[in-house]
Amino acid sequence: MKQSQYFLKTSKSAPKDDVSVNARLLEQGGFVQKVMAGVYSYLPLGLRVLQKVENIVREEMNAIGASEVLMPALQPKENWEATGRWNELDVLFKVESQHGYQAALGPTHEEIVTPMAQSIVSSYRDMPKAVFQIQTKFRDEARAKSGLMRGREFRMKDLYSFHTSEEDLINYYKIVAGAYKKIFERLGIPALYVEASGGSFSKYSHEFQVETPNGEDVLFVCQKCNLAVNKEIYTADKKCTDCGAQDYRETKGSEVGNIFELKTKYSDAFNLKFTDEDGTQKPVLMGCYGIGPSRCMGVIVEEHNDDHGILWPESVAPFKVHLISLTGKDSNEVKNAADTLYEEMQSKGIEVLYDDREGVSAGEKFADSDLIGIPNRVVVSTKTLAEQSVELKKRAESDSKLVPLSEVKTNLYSK
Ligand code: ATP
Ligand code: MG
């Protein structure tokens with residue numbers, strides 16, 4: 001992608017109404033634009049990151065045998081009345097139609113997925129089954145702050161599983177927990193496994209929390225085995241569920257994922273039953289499992305930045321290479337060499353953003369590059385060409401090195 005043609009402008013001024021690091025760097029870097037409190041547009045650069053995050057989540061969901069679906073954001077009021085959540089859920093957005101009906105904007109999808117499963121899981125032979133979607137959710141959060149970390153419109157991956165027995169449900173629950181661990185590692189934000197207050201219906205409820213100074217949750221982490229507890233259920237005399245120790249450190253976290261054993265809460269509300277081996281009708285057991293890709297994107301920025309901007313982990317970086325041409329007096333020579341490199345990278349399938357802008361100073365190009373945070377920077381200038389070379393610098397390192405033009409390939413493309 002040529003930067004001169006890209007829908008991108010960085011900004012020198014920080015947003016006035018949000019002090020969080022991710023809001024500042026993502027807005028200044030031209031990744032997102034705030035439309036109203038808790039609602040953002042993803043610009044091309046930001047959409048690339050979001051899609052990478054979501055694809056990592058998708059790959060790991062496919063790997064545990066879940067099938068992808070897409071459910072509606074606009075949902076009938078009746079479904080929400082069936083579970084009592086039309087009145088109970090304080091963050092529910094309610095829509096009044098001019099045609100005389102009311103609907104909800106989906107904050108989560110138990111009210112849709114449970115009746116949806118009715119025709120699919122009617123016999124014990126049909127289970128276990130699991131479906132997931134990656135979709136936009138709506139919640140009328142009291143305080144939409146902290147950039148992408150708490151939106152009123154945000155992205156969620158939600159997975160739902162259906163089982164004939166609690167044993168089978170717990171078995172799958174553990175498989176999902178393993179997949180989640182992998183996901184957060186791949187995203188560059190390894191998460192703590194946290195015991196959560198799941199409410200009265202659930203024995204099994206865990207959160208995945210990334211330790212970060214701007215996190216909203218207070219956690220107590222076992223010094224011996226690292227299992228953490230959310231403050232909401234923590235008591236001073238609590239012994240670690242896993243190892244029995246009673247030695248905690250207090251920290252702050254941001255919840256990037258959540259897994260729940262729903263048991264029969266929603267199958268009871270929608271009469272979701274199956275015929276068991278012995279011919280009797282029984283309620284289906286369910287689990288639900290969420291991850292917030294947009295919140296993850298915010299947390300990644302909170303965790304990977306320095307004074308100059310973002311340092312994207314390779315796995316979610318918008319581009320692999322930021323190619324920068326510094327066209328001075330001998331602009332043609334530099335331009336030709338940079339164009340050639342750009343085309344070569346394109347043909348090799350290397351994701352490259354090419355700063356080919358004319359009339360922009362070296363200082364400005366470097367500042368933009370640091371702010372945007374692409375992991376590898378390649379500079380072509382009169383100086384480097386005098387040595388038949390380019391300058392290669394990793395965003396995470398302070399030193400650069402000269403690499404002969406003929407060796408750019410081995411330095412960047414070969415894994
Ligand atoms: P929180 O306690 O932070 O409000 P939650 O318990 O309401 O989270 P879930 O309903 O379990 O969250 O949603 C699943 C995932 O969706 C969360 O783990 C989080 O990553 C993400 N998420 C929830 N609310 C928001 C939000 N307002 N903005 C961005 N992401 C969110
Ligand atoms: Mg919430």
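Largest first, the residues His304, His206 sort by 1.4 Å accessible area into His304, His206.
Rg then Dmax, both in Å and based on the Cα atoms of segment 209-255: 10.1, 30. Relative to the Cα centre, the charge distribution of segment 205-248, modelled as +1 at Lys and Arg Cβ and -1 at Asp and Glu Cβ, gives a dipole magnitude of about 200 debye.
Around the Cα centre of segment 217-296, unit charges on the Cβ atoms of Lys, Arg, Asp and Glu (plus for the first two, minus for the last two) sum to a dipole of about 260 debye.
Taking a point 7 Å out from the Cα of Ser197 in the direction of its Cβ, the residues of segment 77-98 whose backbone N falls within less than 19 Å of it are 88-91. The ellipsoid equivalent to the alpha-carbon distribution of segment 181-262 has semi-axes of 19, 16, 12 angstrom, derived from the gyration tensor eigenvalues as √(5λ) and listed largest first. Backbone phi angles across segment 208-217, fed through the Karplus curve with coefficients 6.51, -1.76 and 1.60 (θ = phi - 60°), yield HN-Hα couplings of 10, 10, 9, 5, 7, x, 8, x, 8, 9 Hz in residue order; Gly and Pro are listed as x. Once the 1.4 Å probe is applied to the protein heavy atoms, segment 151-273 comes out at 45 Å² accessible per residue. Working note: Karplus 6.51/-1.76/1.60 with θ = phi - 60° gives segment 278-288 the couplings 7, x, 8, 8, 9, x, 6, 8, 10, x, 9 Hz, where Gly and Pro are set to x.
If I compute solvent accessible area with a 1.4 Å probe over the protein chains, what percent of it on segment 43-200 is carbon and sulfur?
Values: 3500 of 7100 Å².
Ligands and nucleic acids excluded, carbon and sulfur reach 49 percent.
Amide H contacts for Ala104 (H built 1.01 Å from N in the peptide plane; partners 5 or more residues away or on another chain; cut-off under 5 Å): Gln75, Lys77, Val95. All Cα-Cα distances of the chain, cut into 20 Å bins from zero to the largest, leave 24, 48, 24, 4, 0 percent in each bin in turn. Within the listed set Ala245, Ala66, Ala179, the residue fluctuating most in the Gaussian network model of the chain (springs between alpha-carbon atoms under 10 angstrom) is Ala245. With unit charges on the beta carbons (Lys and Arg positive, Asp and Glu negative) and the dipole taken about the Cα centre of the chain, which residue among Asn87, Thr382, Ala142 sits farthest to the positive side? Result: Thr382.
Between the listed residues Phe31, Cys222, Val352, the Cα displaced farthest toward the positive end of the dipole of the chain, a dipole computed from Cβ unit charges relative to the Cα centre, is found at Val352.
Within the accessible area of segment 344-400, the carbon and sulfur atoms contribute 45%, probe 1.4 Å, all protein chains present. Would you mind telling me the antiparallel percentage of the DSSP bridges in segment 1-135, rounded to 5? Beta bridges within segment 1-135, antiparallel portion: roughly 85 percent. Compared with the dominant Cα axis of the chain, that is its longest principal axis, helix 331-347 is turned about 30°.
Axis of helix 44-63 versus longest Cα principal axis of the chain: the two differ by about 50°, to the nearest ten degrees. Taking only the Cα atoms of segment 96-176, the ratio Rg/Rh comes out at 1.08, with Rh defined as the Kirkwood radius. Only Cα pairs under 8 Å and 6+ residues apart enter the sum, and on that basis the relative contact order of segment 324-415 stands at 27 percent. Taking Cα atoms, how many degrees apart are the long axis of helix 166-186 and the longest axis of the chain, rounded to 10 and kept between 0 and 90? Orientation of helix 166-186: about 10 degrees from the principal axis.
When only C-alpha pairs under 8 Å and at least 6 residues apart count, what is the relative contact order of segment 4-71, in percent? Don't jump to the answer; show the numbers that get you there.
Details: 53 pairs, mean separation 14.8, N = 68.
That works out to 22 percent.
The distance from the alpha carbon centre of segment 149-198 to that of segment 352-371 is 40 Å, rounded to a whole number. The residues of segment 1-113 expose on average 52 square angstrom of accessible surface per residue, using a 1.4 Å probe on protein heavy atoms. Annotation: the antiparallel percentage among DSSP beta bridges lying fully within the chain is about 80.
Applied to segment 353-360, the Karplus parametrisation 6.51 cos²θ - 1.76 cosθ + 1.60 on θ = phi - 60° returns per-residue 3J(HN,Hα) values of 9, 10, 7, 9, 5, 8, x, 10 Hz, with x for Gly and Pro. Taking other residues whose beta carbon is less than 13 angstrom from the beta carbon of Leu311, and scoring Lys, Arg as +1 and Asp, Glu as -1, yields -3.
How large is the charge dipole for segment 164-319, taken about the Cα centre, if only the Cβ atoms of Lys, Arg (+1) and Asp, Glu (-1) carry charge, to the nearest 20 debye? Roughly 200 debye, rounded to the nearest 20. For the residues Glu96, Glu343, Glu141, a GNM of the chain with alpha-carbon springs under 10 Å puts the largest fluctuation on Glu96.
For the chain, what does the relative contact order come out to in percent, with C-alpha contacts under 8 Å and a separation of six or more? Over the chain, the number comes to 16 percent.
Residues Asp268, Asp306, Asp158 ordered from highest to lowest accessible area at a 1.4 Å probe: Asp268, Asp306, Asp158.
The values are calculated or read from the model by the stated rules, or taken from the named source; none is laboratory data. As the structure is a prediction and not an experimental result, all values here were calculated from the model. Heads up, the Cβs are rebuilt from the backbone with ideal geometry, glycines too, and the neighbour counts pull from every protein chain shown. We work out accessible area using only protein heavy atoms, side chains counted, and drop any ligands, DNA or RNA first. Shrake-Rupley method; radii C 1.70, N 1.55, O 1.52, S 1.80 Å.
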